[in-house]
1. Kirkwood hydrodynamic radius of the stretch 235-352 from all distinct Cα pairs, in Å?
2. Size of the dipole of the stretch 1-99 about the Cα centre, Lys and Arg at +1 and Asp and Glu at -1 on the beta carbon, nothing else charged, in debye to 20?
3. Quickly estimate the mean residue ellipticity at 222 nm for the chain, helices only: each DSSP H run with n ≥ 4 gives -39500 (n - 2.57), and the total goes over all residues, rounded to 500.
4. Can you compute 3J(HN,Hα) from phi for each residue in the stretch 218-224, using the Karplus curve 6.51 cos²θ - 1.76 cosθ + 1.60 with θ = phi - 60°, rounded to whole Hz and x for Gly and Pro?
5. Which of rounded, prolate or oblate describes the stretch 1-99 when judged by the alpha-carbon gyration tensor and an a/c cut-off of 1.5?
6. What percent do you get for the relative contact order of the chain when only Cα pairs under 8 Å and 6+ apart count?
7. Counting only C-alpha contacts under 8 Å and six or more residues apart, can you give the relative contact order of the stretch 1-99 as a whole percent?
8. Which entries in the list K48/K205; K322/K372; K186/K348; K287/K317 go over 31 Å, if you measure between the two C-alpha atoms of each?
Amino acid sequence: MRITTVLRRLLGVTKMFVEEVCFTVDGDLAVTVRPTWRLSRCGQCRRKAPRYDRRPVRRWRHLPWGRCSVDLLYEPWRVDCRTCGVRVEQVPWAERASRFTHDFEELAAYLAQITDQTQVHRLLGISWQTVGALVERVVARRIDPDRLSDLRRIGIDEFSYRKRHRYLTIVVDHDQRRVVWTGEGKSSETLVPFFELLGEERCEKIETVTIDLSAAFIKAVREGLPKAETIFDRFHVQRLASAAVDEVRRSIVRKLAIEPEQAKAVKGTRFILLKNPWNLSRRQRSKLAELQDTNRCLYRAYLLKETLAKALDYRQKWRARKALDEWLSWASRSKLKPFVKVARTIRKHREGILAYIKSRLTNGLVEGLNAKIRMIARRAYGFHSYQALAAMIVLTCGGIKLDPPLPTGS
Ligand SMILES: [Zn+2]
């Protein structure tokens, strides 16, 4: 067998001939190659086009061989494309404007899915900026083009990054359990491009949307998906009650600053009040009981928080409705300002909150993905640009399955 044929097989790139191979001064392999096709193709539109002139030699990083890194070398033609004008030709082993072969990109993206940038840098010797750009290309290539075609139940949530100075909006498919879209910002306009991308027909197919109680999302959904049922995420609703308990506690602490005995009873109760009762230790439970005697206001706030959670636990809608209505009238008369306010919000969104009872849909999936995304953000893949972070989110949470270009071991 000729050495060039062996090399071609080892490189594993189709539609490519090997012409020559040599070692560089650094001891790495430089393999001169060329496409097998006779007619060149436009790098932009991929249509065949007449050759125009030849460019100086270019290098593409390929998968390493043992301890050698491997570069493919080729002098690409420029073509005179009828639609695009003079463009560099397309090569079978790499994407336009990439300095890496497809295989190298797939391997880097696979590693980016499973490990942090330090490891990727160590294994492949590329910086996080490079990984970011590379991931964007792989995502564009590998994303499921049908991901938007059968959307029925979606969840919308926001995600903050860069120390909460920037936001992005995430849309998930509850049925496929994956991220299908991301947008920069968290206003009602953020979602407009998503609805436009879906188009009227697919928008009408969406049956339910889970969102938090943000006015921006409520407005966007009402305008973009007028036929869909809105379900308010129960955990966001419960979080309102938790925040109210905390507010009551803080105002009492402020008032009690002059009465040290009572202040002592309230102090250190924050986590007890916010925790689920079944998670309390015996000591915490006795502290709570003590609170019941010493501070009725705060204990009432605690009961309000717990009762709201119970109302949402009901499986039958009429039971939940009854419980929620009772809760609302109790909270409104509770003389606890933060709860009066929460009651007003809940009353306003009552139907959307009760819609949860039947579907049991929450933004838990989005929240779970949020935790995953937070982990990705911590991996610090140069998330100074929204694009890089969005691509990374889709790569890891968008259901993209990559097969690393390595022996399968079978
Ligand atoms: Zn073209």
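Taken together, the values in this text are just the output of simple stated rules run on the coordinates, not laboratory data. Bear in mind the structure is a predicted one, so any value in this text is a computation, not a measurement. Note: ideal-geometry Cβ built from the backbone for every residue, glycine included; neighbour counts use all protein chains shown.
1. 14.8 Å
2. About 540 debye.
3. -15500 deg cm²/dmol
4. 4, 5, 4, 5, 4, 7, x
5. prolate
6. 15 percent
7. 26 percent
8. Beyond 31 Å between Cα atoms: K48/K205; K322/K372; K287/K317.
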